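Undergrad: Dropping the structure in here first, questions after.
The values are calculated or read from the model by the stated rules, or taken from the named source; none is laboratory data. Because the structure is a prediction, the values reported are computed rather than measured. FYI the Cβ positions are ideal-geometry reconstructions off the backbone, even for glycines, and counts take in every protein chain you see. Accessible surface areas use protein heavy atoms only, side chains included; no ligands, DNA or RNA. Shrake-Rupley method; radii C 1.70, N 1.55, O 1.52, S 1.80 Å.
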Amino acid sequence: MQTTSAKGPVVTLEDIPEVRTLPRYFLSGDALEYGASLGNAHCWVTTRGSGAIQQFFSIDTGNVVTGNVSIRYGGPGHHLLRTSEAQLADDSKDTDVQLRPISQGTIEIHPAFQRRSFDLPENITVRETVFVPLTSDDDPAIAYYTTELRNNGATARSLNVFGFARLGGTFASEIAARFDPELRGFVASDRRTPKEVRVFGASEAVTSHEANLDFGRVYDVYHLSQLSNTTNVRGDVIAALQVSLHIKPGERRKVSFVLAFSPDGEDQAVATYRRFPDTSVALENTIEYLRQVTSTASVRTPDAEINQGVLWSKVNMLRVRARYRDGLAFTNDPGVSSNVVARDAAWFVYGSDHFMANFSRDLLNTFARLQYDSGKIPEYYNAIDGHVEDYGLNINDDTPLFILAVNHHFRATGDVEWLRGIYPTVARAAHYIISQRDERGLVFCTADDPRGYVWAICGWRNVIQDYSINGAVTEVNAECVAALRATGHLTDNLGLPTEQAKAFFDQSNLLRDAMNTHLINHENGMYFLGIDANGVARTDVTGDEVFPVIFRACPEEVAFRIIRRLNHSDFWTSAGLRTASADDPLYEPARNCGLLGGVWPGLTWWFAFAAARYHPDLMTRALMSSFSHYAAQPKKHNTVPGQFGEWFDGESLVNRGMRLSPWEPPRFLWAAIEGVCGVILQPGNLRIQPLIPAAWRWVALSRLPYHGQFVTYFAVREEQGPRLHIYSTAEVTTDHRFDLFEEDVTDMVNVLDPSVQHVALRRPGRTVLLLGHTSPTTSIVPIELGDVLPASPCSIRLYDSEVFEWRSGAFGRDTPVRGCSITIEAGGFRVLSFEYDV
């Protein structure tokens, strides 16, 4: 199993079954400023670098409903020696000091949880784990904070474990709580919203309890008083539970503090609290679900960082998936907002289509339902109160991106009946785009609001204060070129009259011609940012230049010129691409959400996709740079390894945006699958044209959902030059050499080196096994073939990438093979081909 530390990949043998198949990061105990963000369909939980829960946000109400939850420890008999009157308290009061960690310990970031391990006095080791259940698209609003204690000494120890929870989450709370002995916890609600009920309890017998307003007690290192068993307070309430343990030498004990919430009254809150009585089972189910879901669309390359990024992108996307009363969606700012933005939803579809297409469909169906009568798609809707907003813009990127997302979803699923149902919405949106063209033939945003900001910016960078991007904007026109082209394809895919499809194609071509007539800056051969509502040509060169390249709205020589320009050092940092040049007079690397010079990983991955056709090396560099930055000095950069933060200061590279941004991970996944792996979605057979750097010799993609089946393939360089050999479980269209197999049997093969990726395919009479190396050094790789081969004799051939040739005979003939060891050079591969009689 491969794990990762802040210093790079390490191999660790782990005897805990729960974590064998998923990657994780190990960090020193003081390495995080902020902790992981964990979510499911009904709650969003943020944590601190210490491992404590910071806030518990309800998806159903759109509010923070509970604040900090923390655990403290005390040992009976550890009284503070008082040496002066100033320290005197009531000597009769049972007061101990808190037992504080005596070691820095470690932090473990896992797709399913955050875990902190440390030592206490008296030879006690502690392992604290925070997680929320994530086993479907409808898990309840519940969080677990578990502590496991082991006595490593020779003497039995008594220990008091205290769980503290701020039950309201805001200063204005009017919380009242009562203790329920049967639940071993508190039932609480705010008097102003009595149906919104929290339950905070413990898995073990509670020795004492107390509800108070005493925030200082939570972190009073000198006094850890016996709880009073009273609850007669109201306001911003702290709930405290004490569990007393007696731990024998060598014994392990576990206590789980459970926080549950329901907006539908006490009975439902209690039912949620009791839903997972065994926290170990809840965690195991979460890990198994994540293992299964993330194994879909599994990208395997010689770059271990990219491979991890793909897996973590899916984890991040699953965490933000929320179920509102009207269906599945995700907010643009988890834990803060309930707004669902069309732009973000469209780009999310580009990633989610590859492993949870049902979620894509819910997003698209919702925005289709909210389409204005004119055909325009709104900017956002609020998933709680239903408010729909367009900021008064006649056109922005939402409408074309909606069409493009529908096209992507249809090409990924092949579902003609769904397309038939949503097509009228697409056609109206396309006709609306056409209606917004000016006399030059350009799509034109008329907004000229003096406030600027969202009321006068029609593209993705729409939250820049006192700033406008309006008029004929290159970004939006490029998207509209692609959207009209896509509408033509969708019209044709439904078998509608040829002249209808041709009309959309013609409009796309006319718009493309208008762009390349009016929006090209002939001084530099690239595009204006736009020609604004006052007729001023904006010469700013920004990251927005990627859009004509992504959407194939520009001539090839212009595309190449754009990629080359954005690759200069005034745009590039070690963490990715700046939104604007560091030499731009408007450069503000730390303000305006980084949209005038900050580093946005999502923009970096747009660039990765755009660069793929011209410079595959730039594509892989772009993919790797921003993702690896999340694990590079996380405390300094305010990041969490494996968690897709929003944007970085363009100079210090400190994360100044969301800890987990919902719109960054799908762009990474899309760029990896449709860029690196060369997946081209189309109505018929999948097209595969891998776009890999010259130094790469192999790439693979496992279990890609496509038109109702799973497709697995690997591509290898079996000869010097650009031509590849593709082995696949489905008929594909490709310019490369192709071999068809019937089934993916990868799971039947065990490769005992975590730095080696493998894919096994089988058809009657032949099985092939790819072994692709991700390590910078040569390895001897043990392989267990299990039952992948028949018991009958077989012949074996091996392709050696180090010498570019097939070898045979060295392994013998007519001997059943169940295992072997293979030497593979750094970044290289081997293909084992087994042939046998059927």
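Undergrad: Would you point out which residue out of 509, 516 is touching a Lys or Arg at 6+ places or on another chain (Cβ under 9 Å), in a helix (DSSP H, G or I), open to solvent by 30 Å² or more (accessible area, probe 1.4 Å) and more than 23 Å from residue 347 (Cα to Cα)? Show your work before the answer.
TA: Details: 516 fails: touching a Lys or Arg at 6+ places or on another chain (Cβ under 9 Å).
One residue alone meets the criteria, 509.
Undergrad: Restricting to the range 173-216, name every residue that is small (Gly, Ala, Ser), modelled with pLDDT of 95 or more and under 35 Å from the mean Cα position of the chain (by Cα).
TA: Let us first name the residues in the range 173-216 that are small (Gly, Ala, Ser), namely 173, 176-177, 185, 188-189, 201-203, 205, 208, 211, 216.
When the remaining residues are screened for being modelled with pLDDT of 95 or more, the result is 176-177, 185, 188-189, 201-203, 205, 208, 211.
Matches in the range 173-216: 185, 188, 189, 201, 202, 203.
Undergrad: Which one of 753, 735 is acidic (Asp, Glu) and either within 29 Å of the chain's Cα centre (by Cα) or open to solvent by less than 30 Å² (accessible area, probe 1.4 Å) (or both)? Before the answer, list the steps.
TA: On the way: 735 fails: either within 29 Å of the chain's Cα centre (by Cα) or open to solvent by less than 30 Å² (accessible area, probe 1.4 Å) (or both).
Among 753, 735, only 753 is acidic (Asp, Glu) and either within 29 Å of the chain's Cα centre (by Cα) or open to solvent by less than 30 Å² (accessible area, probe 1.4 Å) (or both).
Undergrad: Return the residues of the range 273-292 that are farther than 17 Å from residue 146 by Cα and surrounded by fewer than 20 Cβ atoms within 10 Å (Cβ to Cβ); say none if nothing qualifies.
TA: The first filter runs over the range 273-292 and keeps only residues farther than 17 Å from residue 146 by Cα, leaving 288-292.
Within the range 273-292, 288, 289, 291, 292 meet the criteria.
Undergrad: If we scan the range 473-484, do we find a residue that is over 30 Å from residue 685 (Cβ atoms), surrounded by fewer than 18 Cβ atoms within 10 Å (Cβ to Cβ) and of a type in the set (A, V, I, L, M, F, W, C)? Break it down into steps so the answer makes sense when it comes.
TA: Just the residues of the range 473-484 that are over 30 Å from residue 685 (Cβ atoms), to begin with: 473-477.
After this cut, where a residue has to be surrounded by fewer than 18 Cβ atoms within 10 Å (Cβ to Cβ) as well, the list is none.
Within the range 473-484 (the criterion being over 30 Å from residue 685 (Cβ atoms), surrounded by fewer than 18 Cβ atoms within 10 Å (Cβ to Cβ) and of a type in the set (A, V, I, L, M, F, W, C)), the answer is no, since none of the residues qualifies.
Undergrad: Against the conditions (1) over 16 Å from residue 201 (Cα atoms); (2) touching a helix residue (DSSP H, G or I) at 6+ places or on another chain (Cβ under 7 Å), where does residue 234 fall short? Just the number, please.
TA: Result: residue 234 passes all but (2).
Undergrad: Out of (1) open to solvent by less than 30 Å² (accessible area, probe 1.4 Å); (2) in contact with a helix residue (DSSP H, G or I) (Cβ under 7 Å, 6 or more places away or on another chain), what's the single condition that is false for residue 340?
TA: (2)
Undergrad: Kindly provide the set of residues from the range 311-359 that are small (Gly, Ala, Ser) and more than 17 Å from residue 672 (Cβ to Cβ), ordered by number.
TA: Those that are small (Gly, Ala, Ser) and more than 17 Å from residue 672 (Cβ to Cβ): 322, 327, 329, 335, 337, 338, 342, 345, 346, 357.
Undergrad: Please report, ordered by residue number, the strands (runs of 3 or more DSSP E) entirely within the range 125-216 with at least 3 residues that are in contact with a Leu (Cβ under 8 Å, 6 or more places away or on another chain) and aliphatic (A, V, I, L, M).
TA: Values: elements: 142-151, 157-166, 175-180, 185-190, 193-202, 208-212.
Of the strands (runs of 3 or more DSSP E) lying wholly inside the range 125-216, those with at least 3 residues that are in contact with a Leu (Cβ under 8 Å, 6 or more places away or on another chain) and aliphatic (A, V, I, L, M) span 142-151, 157-166.
Undergrad: I want to confirm something. Restricting to the range 392-439 and keeping residues that are in a helix (DSSP H, G or I) and acidic (Asp, Glu), which single residue is surrounded by the most Cβ atoms within 10 Å (Cβ to Cβ)?
TA: Taking the range 392-439 and keeping what is in a helix (DSSP H, G or I), we get 398-413, 416-435.
Of the ones still in play, those that are also acidic (Asp, Glu) are 398, 417.
On the way: 398: 25, 417: 6.
Restricting to residues being in a helix (DSSP H, G or I) and acidic (Asp, Glu), the top hit is 398.
Undergrad: So if I check each of 490, 442, 484, 496, which one is out of contact with any Phe, Trp or Tyr (no Cβ under 9 Å at 6 or more places or on another chain) and either at pLDDT below 95 or not small (Gly, Ala, Ser) (or both)? Can you show your working first?
TA: Values: 490 fails: out of contact with any Phe, Trp or Tyr (no Cβ under 9 Å at 6 or more places or on another chain); 484 fails: out of contact with any Phe, Trp or Tyr (no Cβ under 9 Å at 6 or more places or on another chain); 496 fails: out of contact with any Phe, Trp or Tyr (no Cβ under 9 Å at 6 or more places or on another chain).
Just one listed residue meets the conditions, 442.
Undergrad: Taking the condition out of contact with any Asp or Glu (no Cβ under 7 Å at 6 or more places or on another chain), among the polar types (S, T, N, Q), crowded, with 22+ Cβ neighbours inside 10 Å and modelled with pLDDT of 95 or more, does residue 295 pass?
TA: Details: out of contact with any Asp or Glu (no Cβ under 7 Å at 6 or more places or on another chain): yes; among the polar types (S, T, N, Q): yes; crowded, with 22+ Cβ neighbours inside 10 Å: no; modelled with pLDDT of 95 or more: yes.
For residue 295, the condition - out of contact with any Asp or Glu (no Cβ under 7 Å at 6 or more places or on another chain), among the polar types (S, T, N, Q), crowded, with 22+ Cβ neighbours inside 10 Å and modelled with pLDDT of 95 or more - is not met.
Undergrad: Only one of these conditions is not met by residue 302: (1) buried (at least 20 other Cβ atoms within 10 Å of the Cβ); (2) at pLDDT below 95. Which number is it?
TA: (2)
Undergrad: Here's something else I'd like to know. Under 6 Å between Cβ atoms, at least 6 apart or on separate chains: pull out the pairs that start in the range 172-186 with a residue that is more than 16 Å from residue 67 (Cβ to Cβ) and end on any residue that is among the hydroxyl-bearing types (Ser, Thr, Tyr) and open to solvent by 30 Å² or more (accessible area, probe 1.4 Å).
TA: Qualifying pairs under 6 Å: 178/231; 179/231.
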